[in-house]
Each structure stands twice: as C-alpha cells, then as structure tokens.
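Notes to accompany the following structure.
Taken together, the values in this text are just the output of simple stated rules run on the coordinates, not laboratory data. The structure presented is a predicted model; accordingly, all values stated were derived computationally and were not measured. With ideal geometry, Cβ positions are generated from the backbone for all residues, glycine too; neighbour counts draw on all protein chains shown.
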C-alpha cells in the first residue's frame with residue numbers, strides 16, 4: 001500500500017480555484033462538483049444521496065464507522081473521461097470533530113494489526129489547518145485520495161495512474177468549495193505532545209473506531225453501551241524502534257470513569273490476560289497492568305481513563321509507564 005501524503009498549500013489553492021463562501025445550510029449533495037470541474041471529466045448523471053443505512057451498498061465496510069460518527073448524508077457522483085471513470089464521495093457529519101474523527105480512522109483496514117500502521121506521515125512543517133490536506137490512502141482492494149474540511153469528509157476513487165493528476169485537482173476543488181476550515185477534533189489536544197508520532201492522532205467515538213487501532217475484536221472495552229465517552233489516541237515513540245498506543249477516554253464525571261475502569265479490568269481478566277505488578281506513577285496513580293501476547297496498562301485520572309496498548313514485553317511496559 002502506498003502511504004505517502006500529499007500536502008496542499010494556500011498558494012496552490014489560489015492558483016487552482018477560488019474558495020466559495022461558507023453556506024452551512026447546504027448538504028453533501030449540494031457540494032458534489034459539476035461536470036468539467038476537472039478538465040475533460042464529464043458528470044454521468046448517476047449522482048446519489050442517502051443516509052448511512054441507505055448508502056450501505058456504496059459505502060461497504062465503512063458503514064459501521066460512519067454510523068459511529070453519526071453520518072448525516074452520503075453523496076456521490078461518477079465522472080467519465082473516455083473509458084476512464086472517477087468517483088467523488090462526500091460524507092457529511094454533524095460537526096467538524098466527527099468529520100475529522102472519520103478521516104482519522106476510516107482509512108485503517110480493520111484487518112491490519114496496530115503495529116503495521118504507518119508510523120509517520122512525514123509532514124515538515126505541518127500543513128496550514130485552514131486549508132486542510134489531501135492524502136493518499138487505501139486498503140487491500142483499492143486506493144483513493146481523501147481529505148476533510150468543516151463537517152465534510154471526501155474521497156476520490158480513480159485509476160492509480162490518475163491519483164496524482166486528476167485526483168489532486170479534484171481534491172483541490174473540493175477543499176476550495178467546501179465551507180469552513182479543516183481542524184482536528186478538540187479532544188485531540190488532550191494527548192501529551194512528547195514523543196507523539198505526528199499524524200497518528202485519532203478521535204474515537206466508539207468501539208468500532210477503537211478496534212481499528214487496537215486488537216479489541218470490536219469489544220466495547222470503554223463502555224460505550226453504558227456510559228457517554230469519547231477518546232483520543234495516538235502512537236508514541238518508546239525508543240529503539242519501539243512504539244505503543246496511548247488512548248485517553250473522557251467520561252461525564254469521576255464516578256463514571258471509576259466504573260469504566262472496573263469494567264476494563266474485568267475485560268482483561270475475562271480475556272485471559274495475566275495480571276502483573278508495576279510501580280506507581282509519578283503522580284501517585286496505581287496502574288493495572290496485564291500481559292498476554294503483548295502488554296497493556298490503564299489507570300483512571302479524575303474523569304479520564306488512560307490506556308497503554310501494544311507494548312511488546314514487560315520491559316517496554318515499565319519504560320513506557322516511567323514516562324507518566
């Protein structure tokens with residue numbers, strides 16, 4: 001799979017298209033581009049708009065993820081140039097945070113183990129958030145260009161040889177004509193900055209999204225069925241070529257967080273993980289740690305539940321916990 005990321009700058013946008021005014025009352029279908037929005041590509045008239053349930057035959061295995069982020073509308077149109085075809089898909093969510101969350105999770109194939117996920121998107125410097133980015137992504141079956149802006153996520157599916165030509169031009173058009181700005185979910189700011197692998201930040205709304213970055217088998221380990229929670233996650237460098245996943249779930253209050261922590265302990269125990277003893281953290285918290293094929297640890301901190309995941313052995317677990 002090709003993992004490179006394409007950055008779009010303000011200068012490039014100014015050369016390509018003129019930004020349209022924000023019109024938040026419009027929906028996803030209203031932003032489907034007209035024919036010839038990219039030179040030579042004609043709309044086929046096969047446009048479609050529908051809810052997540054009605055769009056399942058087009059969205060495929062992304063339906064559970066889209067539902068978790070409360071997809072409002074899915075719209076698509078196919079464009080033709082000779083024998084070639086290009087599909088533009090626009091997903092509309094209730095908020096920019098939800099669109100960002102879907103963008104941060106949807107490209108990850110659920111069959112890919114966490115340690116196979118890309119470690120760096122090689123942004124240097126970071127792109128300007130007011131214009132957002134378009135990146136190349138894909139799974140075992142196909143590749144596409146994708147991006148997000150305001151409450152919209154979009155995807156462009158086209159023949160591979162066109163991804164870096166017509167695809168980029170289509171992405172530029174959408175970034176310029178969708179309203180608002182491209183910003184991370186506010187929850188992302190809770191992640192510690194030190195040793196965070198930039199570009200691996202995720203905004204999690206439920207167990208489906210979490211299972212795409214951690215081997216939870218889709219289990220609701222944070223208790224979405226009982227409590228109101230949301231989470232931020234990211235990969236962190238441990239040194240020596242090792243990485244681990246940190247997820248921080250936020251609950252309504254401290255009592256709910258403590259109940260969720262008890263539930264998480266039961267999940268590890270019931271799944272057959274072995275309990276191990278670790279030192280308290282510098283802030284006095286006492287993590288619960290477990291070993292199976294990998295190592296994990298968690299601890300409640302007021303209304304937040306911290307979870308370290310995908311540590312190879314107890315030495316890595318000890319080194320990671322020493323940072324908190």
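Projected label points at residue 81 and residue 286, each 7 Å from Cα along the beta carbon direction, are separated by 6.5 nanometres. Determine which residues of region 232-255 fall in the zone a paramagnetic label at residue 302 would reach in this model, i.e. backbone nitrogen under 11 Å from the point 7 Å along Cα→Cβ. From region 232-255, the list is 254. Using a cutoff of 8 angstrom between alpha carbon atoms and counting only pairs six or more residues apart, the relative contact order for region 206-324 works out to 23 percent. Listing 149, 142 from fewest to most neighbouring C-beta atoms within 10 Å gives 142, 149. Mind running the shape call on region 186-321? Use the C-alpha gyration tensor, a ≥ b ≥ c as the square roots of the eigenvalues: rounded below 1.5 for a/c, prolate if a/b tops b/c, oblate otherwise. Rounded, since a/c falls under 1.5. Each residue in 73, 41 was given a count of other beta-carbon atoms within 10 angstrom of its own, and listing them fewest first yields 73, 41.
Take the alpha carbon atoms of region 284-300, find their center, do the same for region 61-81, and report the distance between the two centers in whole angstrom. So the two Cα centres are separated by 37 Å. Can you tell me the FRET efficiency between residue 322 and residue 225 if r is taken as the Cβ-Cβ distance and R0 is 30 Å, rounded to the nearest 0.05? That gives a FRET efficiency of 0.30. Counting every other Cβ atom within 10 Å of each residue's Cβ, 44, 200, 228, 256 order from fewest to most as 228, 44, 256, 200. By definition, a body whose alpha carbon gyration tensor gives a ≥ b ≥ c is prolate when a/c is 1.5 or more and a/b is larger than b/c, and region 142-227 fits this prolate description. Taking 0.36 nm per residue of sequence separation and removing the Cα-Cα distance, the residue 30/residue 61 pair yields an extension gain of 8.7 nm.
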